[in-house]
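J.: I have a structure here, written as structure tokens, and I will follow up with some questions on it.
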Amino acid sequence: MLFSEPVTEIIRKRFSCRRYIDKPIAEEERGRLSDFLSATGAGPFGTAVRFNLIAATDQARKALKGLGTYGFIKGATGFIVGAVGPSRKNMEDFGYMMETVILFATDMGLGTCWLGGSFTRSSFAKKISATVEEVVPAVTSVGYILKKEQSEVTIRQIVGGHNRRHWGNLFFRETFGIPLSPDEAAPYAVPLEMVRIAPSATNKQPWRIIKDGDYWHFYMQRTRGYGNSLTFKLLNIADLQRVDMGIAMCHFEMTAAELGLKGKWVNKEPKIEKPDTLCEYTASWIGDFL
């Protein structure tokens with residue numbers, strides 16, 4: 001996919017925009033974004049994901065009232081809604097594809113904010129005509145960024161408001177517990193850094209990556225009681241940490257492609273001892289040097 005500037009710059013530019021200019025997206029831009037949404041297909045695991053751009057309505061705002069972030073979303077005039085069918089890795093595919101959409105919107109100069117929660121039975125699901133088999137794990141607000149919001153976010157970034165885990169806590173060599181340095185990661189140091197600064201639900205950063213020869217094994221370090229607990233299932237809340245893994249895969253692959261690092265995703269769990277029962281294997285990237 002072609003952007004107007006390097007994907008690394010777009011990833012760095014993206015932020016959780018919570019205040020927008022109360023002005024509908026212009027027809028030309030709306031058409032361009034809608035065309036892109038219509039052209040999206042399946043994620044890396046093969047699950048098809050559908051998206052739709054809808055106007056912000058009172059019904060849409062009501063559907064957000066159960067989310068803690070709702071009170072901070074001001075002036076958004078649109079939402080991007082996504083639906084995904086059942087599969088073993090559907091949440092990962094959803095996260096990958098939605099982040100692709102968000103980066104496209106960012107490249108257009110639009111603000112976005114991930115909003116995860118229970119949308120499967122909401123007005124958002126009705127707007128995208130979700131079937132009984134499909135779920136709506138998250139939506140994103142979209143619109144023109146309020147100038148004051150952009151300025152304040154820039155200041156927060158400068159003073160370290162957007163804290164991220166250190167490399168040594170996320171990336172490892174051959175096994176868990178042996179930190180991987182940027183020099184050892186070369187030429188994949190930049191794709192890994194784009195993973196490190198990726199957005200995640202409540203900033204938990206569940207991704208853990210092990211370099212093993214030409215393989216990069218992606219694991220999810222689940223937060224205890226999060227995502228697959230009985231409460232989440234009863235409330236029909238999506239497993240957002242699996243969605244986060246899809247976001248990480250999106251950043252990694254898109255950055256690698258831009259750098260000319262060819263490879264592919266494979267489901268080949270290695271015989272590496274996990275640190276605890278909350279650690280789950282997701283997928284592996286194998287570099288293609290032929």
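J.: Using 0.36 nm times the number of residues separating ALA48 and ASN169, minus their current alpha carbon distance, what extension gain do you get?
T.: 40.3 nm
J.: Along Cα→Cβ, 7 Å out, is where each label goes; now give me the distance between the ones at ALA186 and SER38 in nm to one decimal.
T.: Result for the modelled spin labels: 4.7 nm.
J.: In whole Hz, what ³J(HN,Hα) sequence does the range 168-178 give by Karplus (6.51, -1.76, 1.60; θ = phi - 60°), x for Gly and Pro?
T.: Result, rounded to whole Hz: x, 9, 10, 10, 9, 10, 6, 7, 5, x, 10.
J.: For a quick check: sort HIS251, HIS166 by the number of other beta carbons within 10 angstrom, fewest at the front.
T.: HIS166, HIS251
J.: Each residue of the range 268-281 in order: what ³J(HN,Hα) in whole Hz does its phi give by Karplus 6.51 cos²θ - 1.76 cosθ + 1.60, θ = phi - 60°, with x for Gly and Pro?
T.: Those phi angles translate into 9, 5, x, 8, 10, 5, 7, x, 6, 6, 8, 8, 10, 6 Hz.
J.: If I take every Cα pair under 8 Å that is 6 or more residues apart in the range 7-151, average their sequence separation and divide by the length, what percent do I get for the relative contact order?
T.: Result for the range 7-151 is 34 percent.
J.: How do MET98, MET249 line up, fewest other C-beta atoms within 10 Å first?
T.: With the fewest neighbours first, MET98, MET249 line up as MET249, MET98.
J.: Exceeding 28 Å between C-alpha atoms, which entries from my cross-link table qualify? They are LYS126/LYS148; LYS204/LYS268; LYS89/LYS262; LYS147/LYS262; LYS13/LYS74.
T.: Working: LYS126/LYS148 34 Å; LYS204/LYS268 25 Å; LYS89/LYS262 23 Å; LYS147/LYS262 39 Å; LYS13/LYS74 20 Å.
Result: LYS126/LYS148; LYS147/LYS262 exceed 28 Å.
J.: Taking the alpha-carbon centroid of each part, what is the distance from the range 96-128 to the range 1-48 in angstrom?
T.: Cα centres, the range 96-128 to the range 1-48: 9 Å.
J.: Once the Cβ-Cβ distance between ASP276 and PHE3 is put in as r, and R0 is 35 Å, what FRET efficiency do you end up with, to the nearest 0.05?
T.: After rounding, the FRET efficiency stands at 0.35.
J.: For the range 83-100, take each phi angle, set θ = phi - 60°, evaluate the Karplus expression 6.51 cos²θ - 1.76 cosθ + 1.60, and give the result in whole Hz per residue in order, putting x for glycine and proline.
T.: The phi angles translate into 10, 9, x, x, 5, 5, 10, 5, 5, 5, 4, 4, x, 4, 6, 5, 5, 4 Hz.
Where a number appears in this text, it was derived from the coordinates with a stated rule and is not lab data. None of these values were measured; they are calculated from a predicted model. Reconstructed Cβ throughout: ideal geometry from the backbone, glycine too, with neighbour counts over all protein chains shown.
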